[in-house]
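The values are calculated or read from the model by the stated rules, or taken from the named source; none is laboratory data. None of these values were measured; they are calculated from a predicted model. As a convention, Cβ positions derive from the backbone with ideal geometry for all residues, glycine included, and neighbour counts pool all protein chains shown. To get the accessible areas, we keep the full protein, side chains included, count just its heavy atoms, and leave off ligands, DNA and RNA. Shrake-Rupley method; radii C 1.70, N 1.55, O 1.52, S 1.80 Å.
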Amino acid sequence: FPVTIMRIAKFCNENNIPLYRGSLEDVVSRIDGAVKQHLPDATHVFRALGDCPYIETGLVQRALFVMDQHQSDAFLWHLSPDTWPVYGSREFPFSRKAWNKIVSGATGTEREHSDQYFHNNRGQFDIIYHEPPVSTYFRPYRLEIDWPEDLELIRQVSKEIDPLAPMADVIHYLDIHPETLEATIVTGK
């Protein structure tokens, strides 16, 4: 793991890509440090996770628009309990005010999962709940990389469609090519 971090840091330095490094055990402080170092006047904070290769940027832009219209701290889809969209289509920004609450209030495991404090303390935030888009994003697909099988699936999909394609395109591809999912599960690649 440290070797990978060193390779990323070297790549960033060689290619003049902004980089911030902080505590491995404190994701909240790392995000906050990066924001303070690179975008100290940011009005919103958004996390893009390294294990999530697809982020539906159109949904992020929609969330920002709605948040600005309502001057809210956060945006969430109005969903039934235990309803989860595909990973990458549920990542939304926080207002800077909300982010500062997270930074000052998060403790323990809430420091490792930057939205956990928010979800544990929703009453402290001005949240706009919005209707989700059509059911495109509600599929049982794992589009996050935690296991070798996940990485193999992402590699297979990326061979067929642009790795920077919108998530809706990725979901559509998997809908019409279920054999891709089955092959990565069956072979354990």
What number, in percent, do you get for the relative contact order of the stretch 70-124 if the mean sequence gap of Cα pairs under 8 Å and at least 6 apart is divided by its residue count? 30 percent
Return the whole-Å distance between the Cα centroid of the stretch 1-44 and the Cα centroid of the stretch 122-186. 26 Å
What is the Cα coordinate range of the stretch 1-150 on the first, second and third principal axes, sorted by size from largest, in whole angstrom? 43, 37, 30
Can you figure out the FRET efficiency of Asn121 with Asp175, using R₀ = 30 Å and their beta-carbon distance, to the nearest 0.05? 0.25
If you consider only alpha-carbon coordinates, what radius of gyration and Dmax does the stretch 70-189 have, in Å? 17.2, 49
Evaluate the relative contact order of the chain (contact order divided by residue number), counting alpha-carbon pairs under 8 angstrom at least 6 apart; express in whole percent. 23 percent
How much mean residue ellipticity at 222 nm does the chain get from its helices, if each DSSP H run of length 4 or more adds -39500 (n - 2.57) and you divide by all residues, to the nearest 500 deg cm²/dmol? -14000 deg cm²/dmol
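Tally up the carbon and sulfur contribution to the accessible surface of the stretch 30-131 as a whole percent, 1.4 Å probe, everything protein left in place. Working shown, then result.
Numbers: 2770 of 5450 Å².
Heavy-atom surface of the stretch 30-131 belonging to carbon and sulfur, 1.4 Å probe: 51 percent.
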Once fully extended, how much extra length lies between Ser23 and Glu182, figured as 0.36 nm per residue of separation less the alpha-carbon to alpha-carbon distance? 53.4 nm
Can you tell me how much longer the chain between Phe138 and Trp84 gets when fully stretched, taken as 0.36 nm per residue apart minus their C-alpha distance, in nm with one decimal? 18.8 nm
Just for the Cα atoms in the stretch 4-80, what are the lengths along the principal axes, largest first, rounded to whole Å? 41, 27, 26
Can you tell which of Ala74, Ser95, Tyr20 lies farthest toward the positive end of the dipole of the stretch 1-113, using +1 and -1 charges on the Cβ of basic and acidic side chains (Lys, Arg; Asp, Glu)? Tyr20
Accessible area of the chain divided out per residue, in Å², using a probe of 1.4 angstrom: 60 Å²
Compute, for the stretch 1-151, the length of the dipole vector about the Cα centre, with Cβ point charges of +1 (Lys, Arg) and -1 (Asp, Glu) only. Units Debye, rounded to 20. 340 debye
With all protein chains modelled, accessible area of Glu25 [1.4 Å, Å²]: 140 Å²
Give me the distance in nm between label points sitting 7 Å out from Cα along the Cα-to-Cβ direction at Leu164 and Leu39, one decimal. 1.7 nm
